[in-house]
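K.L.:
To start, I am sharing the structure in question, which I have written as structure tokens.
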Amino acid sequence: MNVKRSGLYWFIVLLRAIALCLPLSAGLKLGGAVGLAAYFLVPRYKRIAFKNLAQSFPGKPHKEIRSLTKQVFINQGKNLFELLNFHRLNRENITKIVEFRGIENFKKAFSYGKGVLIFSAHLGNWELIGAGLSLIGFPINGITRKVYIEQLERLLWRLRESVGMKSISRGETDSAKGILRVLKNNEALAVLIDQNTKAIPGVYVNFFGRRAYTPSGLAALAIRTGASVAPVFMYRREDNKCVVEADEPIKPEMTGDDEKDIAVNTQRFTDIIEEKIRRHPEQWVWFHERWD
């Protein structure tokens, strides 16, 4: 592990030690402060977030864009402290932290018996989608991207497992078999399709008025397996309670032309993601290089 990665890992370990000593409400305040500090200390990502917000909301004054940018970092700090507290969550206390809406829609997605593809975005604290749904009794599996700090990777796996989530590492030799096994068992697989990830198959779609390379695996899986597609998103209320909201399952468009259908459905899913982000722009990861 190089010095930079080692420093990041031990910083996370320090934050977790602090989080263990604080009630969640105090941890969220500290997390917000850490996020605000990051806003000032990592100017590169602040510039990316500001640029992306300004281009996506051209009618907003720069003062408002700056405020939104700051809130993006504050929200991510809160997300981190919630993640570091996953071991404290259980079936009895999860509803004090997370409000669930549309659970009947989520149950409907399972009723077809072909597995459920949860599609979502890095909005609110997306980690609490899987954690919350697992704790109230749903079989949740997440597609995770490998973190190239081995100790941090193990910590993240332990935190997710502590709330009953299972993980499938993207790109591993047995990941495809694991995904198909999850769907065959009528379990849920959570997929985030809102980042520019050239390492996996994707298509260009319209996102906030610009072409954006978008993972197409969700659409391909839905078409080829018949699994239900369940839009489930998360946002943070002003009082810091998180809301997990499940919408009506989506039936993919299928004409028999797989290439066309994958592109059309990926655009449909992206349109929904954009709509959700527009409602809570301060809670999405704008510091990601989403557009080429």
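K.L.:
Mind listing which trypsin sites (Lys or Arg not before Pro) in region 81-142 are in a DSSP loop and have 13 or fewer other Cβ atoms within 10 Å? Kindly include the intermediate steps, with their values, before the conclusion.
P.N.:
On the way: sites: Arg88, Arg91, Lys96, Arg101, Lys107, Lys108, Lys114; in loops: Arg91, Lys114.
Here the sparse-neighbourhood loop sites are Arg91.
K.L.:
Would you compute the Debye intensity of region 223-292 from its alpha-carbon atoms alone, equal scatterers and no solvent, and pass along log10 I(q)/I(0) at q = 0.13, 0.17, 0.25 Å⁻¹ to two decimals?
P.N.:
-0.51, -0.79, -1.17
K.L.:
Follow-up. Taking one equal scatterer on every alpha-carbon of region 6-70, how large is log10 of I(q)/I(0) by Debye at q = 0.11, 0.12, 0.13, 0.20 1/Å?
P.N.:
Log-scaled intensity ratios, in q order: -0.37, -0.44, -0.50, -0.84.
K.L.:
For a quick check: with amide H placed at 1.01 Å from N, whose amide H comes under 5 Å from Phe207's, ignoring anything fewer than 5 positions away on the same chain?
P.N.:
Ala212
K.L.:
Here's a follow-up. Which value, in debye to the nearest 20, describes the size of the charge dipole of region 162-292 about its Cα centre when Lys and Arg Cβ atoms bear +1, Asp and Glu Cβ atoms bear -1, and nothing else is charged? The partial results should precede the final answer.
P.N.:
Values: 19 positive and 20 negative charges, 52 e Å.
So the dipole magnitude of region 162-292 works out to roughly 240 debye.
K.L.:
Checking the a/c ratio against 1.5 first, then a/b against b/c, what shape does the Cα gyration tensor give for region 136-284?
P.N.:
On the way: a/c = 1.42, a/b = 1.13, b/c = 1.26.
Rounded, because the longest to shortest axis ratio a/c is under 1.5.
K.L.:
Work out the charge dipole of region 3-283 with +1 on the Cβ of Lys and Arg and -1 on the Cβ of Asp and Glu about the Cα centre, then indicate which of Gln76, Phe233, Tyr213 is farthest towards its positive end.
P.N.:
Gln76
K.L.:
Placing unit charges on C-beta atoms (Lys and Arg positive, Asp and Glu negative, everything else neutral), compute the dipole magnitude of region 87-142 about its Cα centre in debye, rounded to 20. Show your work: numbers first, answer last.
P.N.:
Details: 7 positive and 4 negative charges, 25 e Å.
Here the size comes out at about 120 debye.
K.L.:
Moving on. Let me check I've understood the local charge: for Met254, count other residues with C-beta under 13 angstrom from its C-beta, Lys and Arg +1, Asp and Glu -1. What total comes out? If you can, show how the numbers build up before the last one.
P.N.:
On the way: positive: Arg224, Lys251, Lys260, Arg268; negative: Glu253, Asp257, Asp258, Glu259, Asp261.
Within the 13 Å Cβ shell, the charges total -1.
K.L.:
Output wanted: per-residue J couplings in Hz (rounded whole) for region 51-65, from phi through Karplus 6.51 cos²θ - 1.76 cosθ + 1.60, θ = phi - 60°, x for Gly and Pro.
P.N.:
Each residue's phi maps through the Karplus curve to give 4, 5, 5, 5, 6, 7, 10, x, x, 7, x, 4, 4, 6, 4 Hz.
K.L.:
OK, next. Provide Rg over Rh for region 22-145; use the alpha carbon set for both Rg and the Kirkwood Rh (inverse mean inverse pair distance). Walk me through the numbers before you get to the answer.
P.N.:
On the way: Rg = 17.4 Å, Rh = 16.7 Å.
Dividing the radius of gyration by the Kirkwood radius yields 1.04.
K.L.:
OK, next. If you stretched the chain out fully between Thr225 and Glu104, how much longer would it get, using 0.36 nm times the residue separation minus the C-alpha to C-alpha distance? Provide the component values of the computation, followed by the final result.
P.N.:
Numbers: separation 121, 0.36 × 121 = 43.56 nm, distance 2.27 nm.
Fully extending the segment from Thr225 to Glu104 adds 41.3 nm.
K.L.:
Report the extension gain between Glu248 and Lys146 in nm, rounded to one decimal, defined as 0.36 nm multiplied by the number of residues separating them, less their alpha carbon distance. Provide the component values of the computation, followed by the final result.
P.N.:
On the way: separation 102, 0.36 × 102 = 36.72 nm, distance 3.09 nm.
So the chain would gain 33.6 nm between Glu248 and Lys146.
K.L.:
If you take the square roots of the eigenvalues of the alpha-carbon gyration tensor of region 134-185 and sort them as a ≥ b ≥ c, do you get rounded (a/c under 1.5), prolate (a/b over b/c) or oblate? Spell out each step's value before the answer.
P.N.:
Numbers: a/c = 3.41, a/b = 1.13, b/c = 3.01.
Because a/c hits 1.5 or more and a/b fails to exceed b/c, region 134-185 counts as oblate.
K.L.:
What net charge do the residues around Gly164 carry, taking every other residue with its C-beta under 15 Å from that of Gly164, with Lys and Arg at +1 and Asp and Glu at -1? Walk me through the numbers before you get to the answer.
P.N.:
Numbers: positive: Arg88, Arg91, Arg158, Arg160, Lys166; negative: Glu92, Glu127, Glu161, Glu187.
Around Gly164, the charge tally is +1.
Values quoted throughout were computed directly from the atomic coordinates according to the rules given, and no laboratory measurement underlies them. Please read all numbers here as calculations on a predicted model, not as lab measurements. Cβ atoms come from the backbone with ideal geometry, glycine included; neighbour counts cover every protein chain shown.
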